[in-house]
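Chemist: One structure, as C-alpha cells, below. Some questions next.
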Amino acid sequence: MNTATLSTDQAPPLNIPLSFYAFAPLALVVAGTLLAAQGTQLLTTHWLPHTIAWVHLGTLGFLGAVMLGSLYQMVPVVIGASVPAIRVAHGVALLLALGTTALVAGLTLGIGNATLAGAALLLVAVLGFLLPVGTALLRAAGGGATRTGMRGAVLCLLALVLIGVRLAWGHATGALPEARTSWLAAHVALGLIGWVGGLLTAVSWQVVPMFYLTQPFPLTWQRILSQLVPASTLLAAVLALVQVPLVGILLAALPAAIAVWLVQPILLTRLILQRRRRRRDPTLRFWWLALACSPLTLTCAVLAFLTDWPPAPLLFGFLAILGWAGAIVHGMLTRIVPFLTWFHRFTAVAGLAEVPPMKQLLPDAQIAWNWRVHTATVVTGTLAILTQNDVLARLTGGLMSATGLLLAGALVSTLLRARPTCPKGVAQSTLAP
Ligand code: HEM
C-alpha cells in the first residue's frame with residue numbers, strides 16, 4: 001500500500017468515523033426487514049411514501065453515514081486540511097441517525113410531524129457537518145482535483161438537502177410543489193450523481209492507486225470530471241428552480257450522469273486491468289460489482305426518463321444505491337476500517353512490540369462472504385423488481401439484512417481483533433485510539 005502522500009499526523013480520533021459507520025449496517029438491516037415484511041408492495045412504484053422512506057434508508061442511513069464519516073477522515077488525511085471543532089462530528093452522527101429514523105418513520109406511517117422533524121434534524125446535521133468540513137475544504141491548499149471534487153460534492157449535498165426539505169414539507173402538509181417531478185429530478189440528480197457520484201469519483205482517484213497499486217488516474221480527466229459533475233447537476237437544480245421543462249433539467253444532468261456511470265468506470269477498469277502487481281484482494285471484487293452496475297444504472301436512468309417501462313425508475317434507484325455506490329462503500333469499509341484501526345492502535349508500538357499484520361484484523365475469507373451476500377442481494381433484487389415476484393422480493397429483504405449483519409460483523413470483529421494489549425515497556429496511553 002502506498003501511503004506516502006497521506007498526512008496521517010492530521011488523522012482525527014478513530015471514534016469519529018466509527019460513530020458514523022456504526023449506523024450504516026443498522027440501516028441495511030432495517031431496510032432488509034421492511035422489504036422482507038412488505039414484499040413487492042414496496043417495489044410497485046417509486047411514488048409510494050413507503051418506498052421513498054425505504055430509499056432513504058439506503059441514501060442517508062447507509063451511503064450518507066459512511067460518506068460523511070469518511071469525509072471527516074479524508075479531508076485532513078488526504079487533503080491536509082484539519083477540520084475545526086472535530087468533536088461536533090459526534091453530534092452530527094447522532095442527528096443523522098435521529099433525522100433519518102424520523103423521516104423514514106414519518107413517511108412510512110404517514111405521520112406528518114415526524115416527517116417534518118426528520119427533515120429538520122437532517123438539515124441541522126448537514127449544516128453542522130458543512131460548516132467545519134466546508135471551511136476546511138475552502139482553506140485547503142493541497143489535494144488538487146480531489147479537493148475540487150469534494151468541494152463540488154458537498155455543495156451538491158447542501159442543494160439536495162434544501163430541495164429534500166421542501167419535498168418532505170410537501171409530504172407532511174399535502175402542499176407538494178406544482179412542478180414536483182422537476183424538483184424530484186433535480187433532487188435525485190444532485191443526490192445520486194452530484195453528491196454520491198462526485199464524492200466516490202474524487203475519492204477513487206486517491207484510494208484505488210493507494211490500495212490496489214494502479215497507475216495514477218489521468219490528471220486531465222481528474223480536472224474535467226471534478227468540475228463537470230457538480231456543474232452539470234447544479235445547473236439541473238437551477239433549471240428546476242426557474243421552472244424549465246423537465247426535459248431541460250434532464251439534459252443538463254446528462255453529462256454528469258455519463259461522466260459518473262460511463263467515463264469514470266471505463267477509466268478505472270483500464271487502470272485496474274493494467275496493474276503490474278496483481279495481488280489478490282477480495283475488496284477489489286466490490287469494485288468489479290460496482291463497475292458492472294455503473295452502465296446498467298445509466299441505462300435504467302435513460303429508460304426511466306425516455307420510456308414508460310414500469311420497473312425502470314425502481315431498478316435505476318436500486319442499482320445506483322446498492323449495486324454501484326453500495327458496493328463501493330461496502331468494499332471500501334472492509335479495506336479502510338482495518339487500515340484505520342491498525343494505524344490508530346499499533347503505529348505507536350510497531351517495532352517496539354509484536355503487532356498483528358493488518359490483514360489479520362479482517363481475514364480475506366470473511367470479506368469474501370460479505371461480497372457474496374451483497375452480490376446475491378443485488379442480483380435477487382434486480383430479478384424481484386423485473387418480475388414483481390413477491391417471494392423474490394422478500395428473499396431480497398432477507399439477503400439485504402444479512403448483508404447489513406455481515407457488515408456489522410466485519411466492523412466489530414476488526415475492532416475486537418485489534419483490542420489493545422499492553423506490551424512490556426509501552427505506556428497504555430500510546431495504545432488508545
Ligand atoms: C435532508 C435529507 C433529505 C430529505 C428530507 C429528502 C426528502 C425526500 C423526499 C420527500 C422525497 C420524495 C419526493 C416526492 O415524493 O416527490 C425524496 C425522494 C428521493 N430522494 Fe431524498 N431526501 C433527502 C436526502 C437525500 C439524499 C442524500 C439522497 C441521495 C443520496 C436522496 C435521494 C432521493 C431519491 C433517489 C428519491 C426518489 C425516491 C423515489 O422516487 O421513490 N435524498 N427525498
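Chemist: Out of Thr146, Gln41, Leu228, whose Cα points farthest toward the positive end of the dipole of the chain (charges: +1 Lys, Arg; -1 Asp, Glu; placed on Cβ)?
Modeler: So the residue we want is Thr146.
Chemist: Next up: Which three extents, in whole angstrom, do the alpha-carbon atoms of the chain cover along their principal axes, largest first?
Modeler: Rounded to whole Å, the extents work out to 69, 46, 44 Å.
Chemist: If you build the Cα gyration tensor of the stretch 145-289 and take the root of 5 times each eigenvalue, what three semi-axes come out, in whole angstrom, biggest first?
Modeler: 34, 15, 12
Chemist: Now for a different question. Could you give the angle, 0 to 90 degrees to the nearest 10, between helix 112-139's Cα long axis and the longest principal axis of the Cα atoms of the chain?
Modeler: That helix lies at roughly 50 degrees to the long axis.
Chemist: What's the center-to-center distance, using Cα atoms, between the stretch 1-70 and the stretch 341-400 in Å?
Modeler: Taking the Cα centre of the stretch 341-400 as reference, the centre of the stretch 1-70 is 14 Å away.
Chemist: Write out the trypsin sites (Lys or Arg not before Pro) in the stretch 267-326 meeting two conditions: DSSP loop, and at most 13 other Cβ atoms within 10 Å of their Cβ.
Modeler: Passing sites in the stretch 267-326 are Arg276, Arg277, Arg278, Arg279, Arg280.
Chemist: On to the next question. Using Cα atoms only, what is the angle between the long axis of helix 390-417 and the major principal axis of the chain, expressed in degrees (0 to 90) to the nearest 10?
Modeler: So the inclination is approximately 20 degrees.
Chemist: Using a cut-off of under 19 Å, list every residue of the stretch 168-211 whose amide N is near the label point 7 Å from the Cα of Leu273 along the Cα-to-beta-carbon line.
Modeler: Answer for this model: 208-209.
Chemist: Could you tell me which of Leu68, Leu190, Leu246 has its Cα farthest along the dipole of the chain towards the positive end, charges placed at Cβ (Lys, Arg +1; Asp, Glu -1), taken about the Cα centre?
Modeler: Sorting the options by dipole projection puts first Leu68.
Read-outs throughout are calculated quantities, based only on the coordinates presented, and are distinct from any laboratory measurement. These numbers come from a predicted model, not from an experiment. A quick note on method: Cβ atoms are made from the backbone with ideal geometry, for glycine too, and the neighbour counts reach across all protein chains shown.
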